[in-house]
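Scroll down for the structure; my scribbles are underneath it.
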Amino acid sequence: MRKLTYIISALLLIGAQQVDAQTPKGSLLIQHATVLTVTQGTLEDTDVLVQDGLIKKIGKDLSASSKVETIDASGKYLMPGIIDAHSHLALDVVNEATAPITAEVSIADVINPFDVGIYRALAGGTTIAHGLHGSANAIGGQSITMKYRYGTRNPDDIVMKEAPRTIKFALGENPTRVHGRGKNIQPRTRMGVEAVIRNGFNEALQYKENWKNYNSSKNQKNSNAVPPVYNLRLQTLADILDGKIIIHCHSYRADEIYMLINVCRDFGVDKLVFTHVNEGFKVAPELAKYTMGASVFSDWWAYKFEVYYSTAYNAAILTENDVVTSINSDSDELIRHLYHEAAKTQRYGGLTDEQALALITINPAKQLGIDEYVGSIEEGKQADLVIFDEHPLSVYAVPQMTFVDGVKYFDINEDEDDQRLKVSPTEMVEPVYLQAEEESCMHGVELFTEGTTFTHSH
């Protein structure tokens, strides 16, 4: 019996070691590239040495051991891996639409590492994406920052461990139509959305106070203190109030953006990023002063009533007003060419190359709290890199190779026809939908919105 116990313990230990095993880290030398560092200018005919997943050295005439892969990037462009601050790719579920506040749920529990869309995103130079809960709730679930290490069967390998916690909030029509019109509960109006958020924060303050009182009295002599009932929803909201979680809020209208800024100011919350932000240009000074930035579409609007008004100059106006601005996809297709979306800001706003590239690299990194690790080509940072045949802001540019932590996950010259990892034996081809899909943020809420809305592609 004792021997059996030892065997079982050994197997459990081996299993634990496999789970905790580090994700792959690569070493390589890229030579003679035009290096677009984003933060330190453009370096012509420059080498980048990667060692164990980190950028070891940037310079000229660098060398590496014969065991290290060397890539001649003469005539090509090297840029940081593209970062998408708003995505729903590689998630089995997007919305927990059962209550106006569902802060207790976590997108980390529903990552799908087999989604071939990860590979397609890598083929477009995207190496990191922020997997967000949907926008059915005023306060939705906790989100997750993912590194696209395609090929693993372990969802945990895709999670970027260095990234801080984030959570999804939503304003406007989505929570009101799901809960107000769909279930006849609060919020039914825009003022109801504000009330839900304020009530949630106030309940969290009471929850914190109850725990504070218990902890201060439990060790007193003859104490009969009883601990409060642990509540994951309220604990998550308390963590927001304590600055441990970054809010990423679905938003369109300027009045609602300003409303949530004021709510957060009232509760001392300053870790706040707005996403979509179609009327952000109207409140650019406030966004610059009180938030961590805005993650916008390049030119999507007018796909439902509350988004009927915007401008393709939005990203440029925000940038010029010192708002940390990024361009996101919110789309499994658009994530493949975010470099084209960034380039549009040069036509609509005249941004420089560095400003435009920052929209899809260092700025989303700042919004996700990971800019010390990724988002630019600097010595010591993680080697998430993309090689392009033309300048990435050119309409003719095509990614050639994509690296995550120095490991090559895409090579256009080794691109097989079928890159799926897991294929259903009954599925001959991938499904093709001829009808426009519902808004990405609203997947999975048909039960609550049937007959109350229309479908559109964004």
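The values are calculated or read from the model by the stated rules, or taken from the named source; none is laboratory data. Given the structure is predicted, the values throughout are model-derived calculations rather than measurements. Heads up, the Cβs are rebuilt from the backbone with ideal geometry, glycines too, and the neighbour counts pull from every protein chain shown. Please note that ligands, DNA and RNA were not included when accessible areas were found on the heavy atoms of the full protein model with its side chains. Shrake-Rupley method; radii C 1.70, N 1.55, O 1.52, S 1.80 Å.
The table for this structure:
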item: Tally, over region 364-384, of residues that are within 20 Å of Thr402 (Cα to Cα) and surrounded by 24 or more Cβ atoms within 10 Å (Cβ to Cβ); result: 8
item: Among the candidates Leu234, Leu260, residue that is crowded, with 16+ Cβ neighbours inside 10 Å and either in contact with a strand residue (DSSP E or B) (Cβ under 7 Å, 6 or more places away or on another chain) or under 14 Å from Val193 (Cα atoms) (or both); result: Leu260
item: Condition met for Asp411 (among the acidic types (Asp, Glu) and in contact with a helix residue (DSSP H, G or I) (Cβ under 8 Å, 6 or more places away or on another chain)); result: no
item: Residues that are over 16 Å from Ser251 (Cβ atoms) and among the aliphatic types (A, V, I, L, M), drawn from region 179-193; result: Ile185
item: Verdict on Glu104 being in contact (Cβ under 8 Å) with a residue 24 or more places away in the chain, in the same structural domain as Arg149 (by the TED database) and out of contact with any Gly (no Cβ under 7 Å at 6 or more places or on another chain); result: yes
item: Residues being open to solvent by 70 Å² or more (accessible area, probe 1.4 Å) and either aliphatic (A, V, I, L, M) or without any contact (Cβ under 8 Å) to a residue 40 or more places away in the chain (or both) - total across region 39-66; result: 7
item: Residue among Arg177, Arg153, Arg149 that is touching a residue at least 60 places away in the same chain (Cβ under 8 Å) and open to solvent by 40 Å² or more (accessible area, probe 1.4 Å); result: Arg153
item: In region 385-409, the residues that are of a type in the set (A, V, I, L, M, F, W, C) and either open to solvent by 10 Å² or more (accessible area, probe 1.4 Å) or over 27 Å from Thr152 (Cβ atoms) (or both); result: Leu393, Val395, Ala397, Val398, Met401, Val407
item: Pairs where the first residue, in region 363-386, is in contact (Cβ under 8 Å) with a residue 60 or more places away in the chain and part of a loop (DSSP other than H, G, I, E, B) and the second is hydroxyl-bearing (Ser, Thr, Tyr) and open to solvent by 20 Å² or more (accessible area, probe 1.4 Å), C-beta under 6 Å, 6+ apart; result: Ser376/Thr39
item: First in region 118-135 and at positive phi and in the same structural domain as His340 (by the TED database), second anywhere and at pLDDT 95 or above and in a helix (DSSP H, G or I), Cβ under 9 Å, 6 or more apart; result: Gly125/Arg336; Gly125/His337; Gly125/Leu338; Gly125/Tyr339
item: The one condition in (1) touching a residue at least 60 places away in the same chain (Cβ under 8 Å); (2) assigned to a helix (DSSP H, G or I); (3) open to solvent by less than 20 Å² (accessible area, probe 1.4 Å) that Arg336 fails to fulfil; result: (3)
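Conditions (1) more than 27 Å from Leu272 (Cβ to Cβ); (2) of a type in the set (Lys, Arg); (3) in the same structural domain as Leu132 (by the TED database), marked per residue:
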| residue | (1), (2), (3) |
| --- | --- |
| Arg336 | yes, yes, yes |
| His340 | yes, no, yes |
| Gln355 | no, no, yes |
| Asp384 | no, no, no |
